[in-house]
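Chemist: If you scroll down you'll find the structure; I have some questions about it.
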Amino acid sequence: MGTSEHYQPITSKQRLKWFVGSTLGPRSLVAGVFTSAVATAQDSPPEYGPHWGGFGERYGMRLMGIATENGMEAQLGDLWGEDPRYFRSQNRSVSGRARHIFKMTFMAYRPDGHLAPAYARFFGISGSNFLSNSWRVDSDSSTGDALRRTGWGFLGRMGSNALEEFWPDIRKHIFHRQ
C-alpha cells in the first residue's frame, strides 16, 4: 500500500468480515490453541489447573478477550474513520517490510488514505485487557497483569502483521505456486 491513491476505504461489510475473521478465523483460533497450551503447561493461572478443563478455561478467556478487543477496535474505528486491516508492504526488502510491520502495528489508514495513529487499536487492546480484569481470577487481574496482557496484545498484532506480510511468499516458496 503506502500511497493514498491506491487505498479504498473500508466498507461496513469489510469491517464485519475483519471482525469475524480476526476473532474466529483460523489464525486466531490456532493462536488461541498455542497460547492456551503454553499457559496450561505452565499452569498459569493456577486456579484453572494443568488439565484439559484448565486448557478450555484459558482458551475461552483468551477468545472472550480477543472478541472484546476486536469489537472495541471495529466500533471505535468505525466512529473515528480508522481501518483495522493490514495491507502488505510495497517494499520488497526484508528490512523495509519489517519496518512496515512495526509501523502498521500502531498506525491505521483513514478514509482519505493517509496514515495516522490507530487510536481505536490502542483503546481496543488496552481497554479489553483492563476490562477483562473484572471477570478474571484474582491471581490474573491486577493492573500489572492487564499491562502485561496489553504488551502481549501489541506483540500479537505485530506477529499477525508479520504472518500477513510474509506468509503468501513463504507459501508460494513451499508449495511452488506462482
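Chemist: Which value, in debye to the nearest 20, describes the size of the charge dipole of the chain about its Cα centre when Lys and Arg Cβ atoms bear +1, Asp and Glu Cβ atoms bear -1, and nothing else is charged? Spell out each step's value before the answer.
Modeler: Details: 21 positive and 16 negative charges, 155 e Å.
In debye, rounded to 20, the chain gives about 740.
Chemist: Any idea what the dipole of the stretch 1-80 comes to, in debye rounded to 20, about its Cα centre with Lys/Arg Cβ at +1 and Asp/Glu Cβ at -1? Don't skip to the answer; put the middle values down first.
Modeler: Values: 6 positive and 7 negative charges, 57 e Å.
Around 280 debye, computed over the stretch 1-80.
Chemist: In sequence order, what are the phi-derived ³J(HN,Hα) couplings for the stretch 137-142 according to the Karplus relation 6.51 cos²θ - 1.76 cosθ + 1.60 with θ = phi - 60°, rounded to whole Hz, with x for glycine and proline?
Modeler: Residue by residue, the stretch 137-142 yields 5, 4, 6, 10, 10, 8 Hz.
Chemist: Given the Cα atoms of the stretch 8-175, and with Rh set as the inverse mean 1/r over their pairs in the Kirkwood sense, what is Rg to Rh to two decimals?
Modeler: Numbers: Rg = 16.8 Å, Rh = 16.9 Å.
Over the Cα atoms of the stretch 8-175, Rg/Rh equals 0.99.
Chemist: Count charges around THR11 for me, please; just the other residues with Cβ under 13 Å from its Cβ, Lys/Arg as +1, Asp/Glu as -1. The partial results should precede the final answer.
Modeler: Numbers: positive: LYS13, ARG15, LYS17, ARG85; negative: ASP78, ASP83.
Local charge sum for THR11: +2.
Chemist: Still on this model: Going by how many other Cβ atoms sit within 10 Å of their own, how do ASP43, ASP83 line up, fewest first?
Modeler: Details: ASP43 13, ASP83 23.
In increasing order of surrounding Cβ atoms, one gets ASP43, ASP83.
Chemist: Also, quick follow-up: Of TRP135, ALA162, THR23, whose Cα points farthest to the positive end of the dipole of the stretch 8-175 (charges on the beta-carbon: +1 Lys, Arg; -1 Asp, Glu; origin at the Cα centre)?
Modeler: Result: ALA162.
Chemist: Continuing with this model, one more query. Could you work out the local net charge near PRO50, counting Lys and Arg as +1, Asp and Glu as -1, over the other residues with Cβ closer than 12 Å to its Cβ? Spell out each step's value before the answer.
Modeler: On the way: positive: ARG58; negative: ASP43, GLU47, GLU57.
Net charge in that neighbourhood comes out at -2.
Chemist: To continue, here is another question. So what are the ³J(HN,Hα) numbers for the stretch 161-172, from phi and the Karplus equation (6.51, -1.76, 1.60; θ = phi - 60°), rounded to whole Hz, Gly and Pro as x?
Modeler: 4, 4, 4, 4, 6, 9, 4, x, 6, 5, 4, 4
Only the coordinates and a few stated rules stand behind these numbers; no lab work does. Keep in mind it's a predicted model, so treat the numbers as computed, not measured. All Cβ positions, glycine included, derive from the backbone under ideal geometry; neighbour counts span all protein chains shown.
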